[in-house]
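Just below is one structure, and these are the notes that go with it.
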Amino acid sequence: MFMCYIISHFPSHFLKLFQYHLTAFPTYCLGFLTVKRSGKPKMMKARRLEEGDASKIPVPVGSNKGISVADLILRLVGIAGTLGAAIAMGTNEQTLPFFTRFVSFKAEYDDFRSFRLFVIVNAIVCAYFFLTIPLSIVHIMRSVARGTRILLIILDTIMLALLTAGASTAASIVYLAHNGNSSTNWLPVCQQYGDFCQGASGSLIGSFGAIVVLILVILLGAIALSRLSKHRL
């Protein structure tokens, strides 16, 4: 009775407003649930976009300067290694203290074609290292250089193959000189020509050290190029 009394005396426009909100209440609830359900995927999508943007942060180009300095130092080390190897092998000789009237027992590097190839290859690679020093300095001053880095990687790979071939052939002759080959009745000669064998073995150290330098130089060039590619993206 009390409720009927209030409704009968309530102004008509307030009653219509109450009925309107009562009718629209289910629609409000449905819209709220829809927003609540669709909110999580949107947040996840936004988070994924943020993670994708974070992965595309460009690497500072100035970081290639340290790589270029290391490249210059390694090339200087390569010059020392190949030059020392060529000089050590090119001046390597030994004459035994006993000889006859018509025969002298002397060993020189040019008695072996493999040793001559070794000297020529090391001289070529040494000259190559020297000629690429200006490009390495340019890369220190201009870290964004790309074409010259690609050219150096190609040339470094060619020099690596050439130097590996020359050092490997010389190493095989040095191994035979030390150990011989029983299958072909090749006797070791280093017992008689000890100084000559030691000089040849020492020259191999510089050459194989230059091979390691070339490998490191190629890797540094590839890292620098990958950083430049990320910066462009």
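The values are calculated or read from the model by the stated rules, or taken from the named source; none is laboratory data. Remember, predicted model here, so these are calculated numbers, not experimental data. Cβ coordinates were reconstructed from backbone atoms using ideal geometry, including for glycine residues, and neighbour counts include every protein chain displayed. Please note that ligands, DNA and RNA were not included when accessible areas were found on the heavy atoms of the full protein model with its side chains. Shrake-Rupley method; radii C 1.70, N 1.55, O 1.52, S 1.80 Å.
Annotations
- Of the residues Ser182, Ser114, Ser136, Ser172, the one with the largest accessible area comes first in the ranking Ser182, Ser172, Ser114, Ser136, computed with a 1.4 Å probe on protein heavy atoms.
- Sulfur and carbon atoms: percent of accessible area, the range 162-233 [1.4 Å]: 64
- Computed 3J(HN,Hα) for the range 111-123, one whole-Hz value per residue from the Karplus formula 6.51 cos²θ - 1.76 cosθ + 1.60 where θ = phi - 60°, is 6, 10, 5, 5, 5, 5, 4, 4, 5, 5, 5, 5, 5, glycine and proline marked x.
- Taking Met159, Met89, Met141 and ordering them by how much accessible surface each has at a 1.4 Å probe, largest first, produces Met141, Met159, Met89.
- ³J(HN,Hα) computed for each position of the range 181-187 - Karplus, 6.51 cos²θ - 1.76 cosθ + 1.60, integer Hz, glycine/proline x: 8, 5, 5, 10, 6, 8, 8
- Sequence of Thr148, Thr82 from largest to smallest accessible area, 1.4 Å probe: Thr148, Thr82
- A DSSP coil position with no more than 14 other Cβ atoms inside 10 Å describes the following trypsin sites (Lys or Arg not before Pro) in the range 126-158: Arg142, Arg146.
- Shape of the range 175-226, Cα gyration tensor, a/c cut at 1.5: oblate
- The modelled label-to-label distance for the pair Ser226/Ser172, using points 7 Å beyond Cα in the direction of Cβ, is 3.5 nm.
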